[in-house]
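Step one of this worksheet: look at the structure below.
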Amino acid sequence: MSKIVVIGATGHIGTYLVPRLAMAGHQVIAVSRGVATPYQQSPVWNHVQTLELDRQAEEAKANFGTTIANLNADIVIDLICFTPASSDQLADALEGKVSHLIHVGTIWTHGTSAVVPTLESAVKYPFGDYGVQKAAIEADLLERAHRRNFPVSIVHPGHIVGPGWAPLNPAGHFNPAVFTTIAQNQTLALPNFGLETVHHVHADDVAQVIIGAMDNHAAAIGESFHAVSAGALSLRGYAEAMYRWFGHQPNLSFAPFDAWAAEQDEEEAKASWEHIARSPNCSIAKAQRLLGYAPRYSSLDAVQEAVRWLIADGQVTASFS
């Protein structure tokens, strides 16, 4: 079994990944700031070593990469790297010292897509600070792999879903009140014709891809993999399915984006634009072929599990017909 360091271990993905690793017999060091706790509690965490480390503060002192390298892990899994400088500091320190670095990126590195479902090999046109920086990190890490045999794999999740937080909703933002609107059979307004797409993934399925990359080391080194459900949803299809899940017939209205946005909360409309301007629809064929990826959750399965939690937590008011 391996010694594995997980950076950002108590977030969405780490909630599922760390227990999976520990139950498989690995020695796990869970690195976090010590501020948050996992979204789902498990006694398995009692068998995990924890290390409180403020990445931003340690990077500012040029200490973070060295601190992680000095843990002498076989595998490092980085769930929370967002800038090229941050990636460089860690990769420089780990070079020649680990057998595998798994970096978690994002499907937003693609920007807009020309052909769907989008392959990992598609030419990328990222836009926005988050997508552009994550794409730059990927490009650098893959260059290190191909030119210097740096043992890295990259996993690109979609919109991560799970109980404990609000999923991306059919209006393209994160306000759980949208699910109350649907549950109470009120009219939900969608932008345009509701045909833009979103691509969810359950956090446990992201963990599955990461472990697949570990277990298929030779096939995974120097490669990127999408971690999404088997199929993206259009906003309209997503909304209609949720109305029916609550026992109603769909009750939707549509308007051109600018007219729709004028009737919405400004920040929520901005979030919707960020999502539908990209309209991700990504292929999992590569992860299926090389890693044996078999997502347990469809997009709707994952969302509905999360919405059940929102109802139980009082964030969504619902009664099923």
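Could you check the stretch 211-236 and list, in sequence order, the residues that are part of a helix (DSSP H, G or I) and touching a residue at least 24 places away in the same chain (Cβ under 8 Å)? If the condition is that a residue be part of a helix (DSSP H, G or I) and touching a residue at least 24 places away in the same chain (Cβ under 8 Å), then Ile211, Gly212, Ala213, Met214, Asp215, His217, Ala219, Ala220, Leu235, Arg236 are the ones that fit.
Counting only strands (runs of 3 or more DSSP E) that sit wholly inside the stretch 132-194, those with at least 2 residues that are of a type in the set (A, V, I, L, M), more than 18 Å from the chain's Cα centre (by Cα) and modelled with pLDDT of 95 or more are 188-191.
Among the residues of the stretch 211-232, is any open to solvent by 10 Å² or more (accessible area, probe 1.4 Å), more than 20 Å from Leu291 (Cα to Cα) and not basic (Lys, Arg)? Yes, the conditions are met somewhere in the stretch 211-232.
Cβ separations smaller than 8 Å between residues 6+ apart or across chains give the following pairs from the stretch 183-208 residues that are in contact (Cβ under 8 Å) with a residue 40 or more places away in the chain to residues that are part of a loop (DSSP other than H, G, I, E, B) and of a type in the set (Asp, Glu): Ala189/Glu263. For the stretch 23-58, a residue qualifies if it is touching a Phe, Trp or Tyr at 6+ places or on another chain (Cβ under 9 Å), closer than 27 Å to Pro167 by Cα and buried (at least 16 other Cβ atoms within 10 Å of the Cβ), and the qualifying residues are Ala30, Pro38, Tyr39, Arg55. Candidates are the residues of the stretch 247-305 that are among the basic types (Lys, Arg) and open to solvent by less than 40 Å² (accessible area, probe 1.4 Å); the one that is farthest from Ala213 (Cα to Cα) is Arg278.
Contact annotation: residue pairs with Cβ atoms under 8 Å, 6 or more positions apart or on different chains, pairing a residue in the stretch 104-120 that is charged (D, E, K, R) with a partner that is at pLDDT 95 or above, are Glu120/His156; Glu120/Glu223; Glu120/Ser224; Glu120/Phe225; Glu120/His226; Glu120/Ser283; Glu120/Lys286. Residues of the stretch 257-298 that are more than 14 Å from Leu235 (Cβ to Cβ) and part of a loop (DSSP other than H, G, I, E, B): Glu263, Asp265, Ser283, Ile284, Gly292, Tyr293, Ala294, Pro295, Arg296, Tyr297, Ser298. From the list Gly212, Gly231, the one residue that fits, being under 24 Å from Tyr16 (Cα atoms) and in contact with a Gly (Cβ under 7 Å, 6 or more places away or on another chain), is Gly212.
The values are calculated or read from the model by the stated rules, or taken from the named source; none is laboratory data. Small disclaimer: the values here were computed from a predicted structure and weren't measured. Every residue, glycine among them, receives a Cβ derived from its backbone with ideal geometry; neighbour counts consider all protein chains shown. Heads up: the accessible areas ignore ligands, DNA and RNA and are worked out on the full protein's heavy atoms, side chains in. Shrake-Rupley method; radii C 1.70, N 1.55, O 1.52, S 1.80 Å.
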